[in-house]
Amino acid sequence: MPGTRRGFKNFGQQAGNPRVTIQKERGVQVGSNEETKKECPVVKKDPFPIMEKSTGDVLLMFRFKLECLLRIQNACVKEKKVIQDAKGTILGYAEDIKIYEGRRWPTHPKYGLLVMHFPSLEKAQRWMDSDRVFKQQDWPSAGDSLEVIVVPMHYLPSKDIRAFQLCEMYGIMNSESFQEHYVDRVSGLLDKTKIYHGVVASADVCGLRQSWIRPHTFVVLHCADSIDKLNNFYDSVDYEPYKEFRQRICETDSIMFTIKPIKS
């Protein structure tokens, strides 16, 4: 599929060209006679597949108190057809959110996330304004509405990718230094560890309802085939100096989570 896995390479922008993987077929090298014929080695297919490039797609992320999880799940089942008619897809929910940095993710009470995909901001907004359940300002509990944000996607993760890291970087002091000394270098490390970086990488965050994201926050979403892969990278010796640099030039809230499908 055409696309890229390097959405984080350029600060705030889509970057990188599609990577073409060429697989050689088994064959022979032609020499001057039969004795010089040698079998060519087989080049194994790249196990790190390229993701489809986004064409305006967005993610809806709903933050809710974990005590309301059952109501959220029931509403998703009840409104599934309405969401599909609006071209939306329920990717899943996360109930075990690990906080790595920052204090803007409450621990008492605990919170969960619901993640949906829509092909455009317009379609997401139209569905949100019309859905008989999700449009309610006092749902899922009286006086306690959902917090809802919409973020643009650089490319579309495969359906079997369930582990995510969400970073909210606020007050970046020097964008050029951040690009040169953090983004350019960390993106290469992420490639080596087979992490899809910058599925979201943007400060263009739309708060549909009581957004927990502060204005001028740069939001980044990485994903991988396991939470261990994300965690190992975060704790790695190679990443440590860049993490320390980032922490010096901006305020970061960072979480990791695995989304689970909602069963009908």
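The values are calculated or read from the model by the stated rules, or taken from the named source; none is laboratory data. Quick caveat: nothing in here was measured; it's all calculated off a predicted structure. Using ideal geometry, Cβ is built from the backbone for each residue, glycine included, and neighbour counts are taken over all protein chains shown.
In the range 231-247, the residues that are within 20 Å of residue 168 (Cβ to Cβ) reach residues that are among the basic types (Lys, Arg) and assigned to a helix (DSSP H, G or I) with C-beta atoms within less than 7 angstrom, at least six apart or across chains, in these pairs: 242/185. Annotation note: of 130, 120, 54, the sole residue that is in contact with a Pro (Cβ under 9 Å, 6 or more places away or on another chain) and of a type in the set (S, T, N, Q) is 54. For the range 79-98, the criterion of being surrounded by fewer than 20 Cβ atoms within 10 Å (Cβ to Cβ), in contact with a Pro (Cβ under 6 Å, 6 or more places away or on another chain) and assigned to a loop (DSSP other than H, G, I, E, B) is satisfied by at least one residue.
Residue by residue, here is whether (1) surrounded by fewer than 15 Cβ atoms within 10 Å (Cβ to Cβ); (2) β-branched (Val, Ile, Thr) holds:
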{"site": "150", "(1), (2)": "no, yes"}
{"site": "153", "(1), (2)": "no, no"}
{"site": "179", "(1), (2)": "no, no"}
{"site": "186", "(1), (2)": "no, yes"}
{"site": "213", "(1), (2)": "no, yes"}
{"site": "220", "(1), (2)": "no, yes"}
{"site": "247", "(1), (2)": "yes, no"}
{"site": "251", "(1), (2)": "no, no"}
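Residues that are in a helix (DSSP H, G or I) and of a type in the set (A, V, I, L, M) within the range 99-127 comprise 121, 124, listed in sequence order.
Considering each residue of the range 131-140 in turn, at least one proves to be among the aromatic types (Phe, Trp, Tyr), surrounded by 14 or more Cβ atoms within 10 Å (Cβ to Cβ), in a loop (DSSP other than H, G, I, E, B) and modelled with pLDDT of 90 or more. Scanning the range 179-193 for residues that are modelled with pLDDT under 95 and either of a type in the set (Phe, Trp, Tyr) or not in a helix (DSSP H, G or I) (or both) yields a total of 1.
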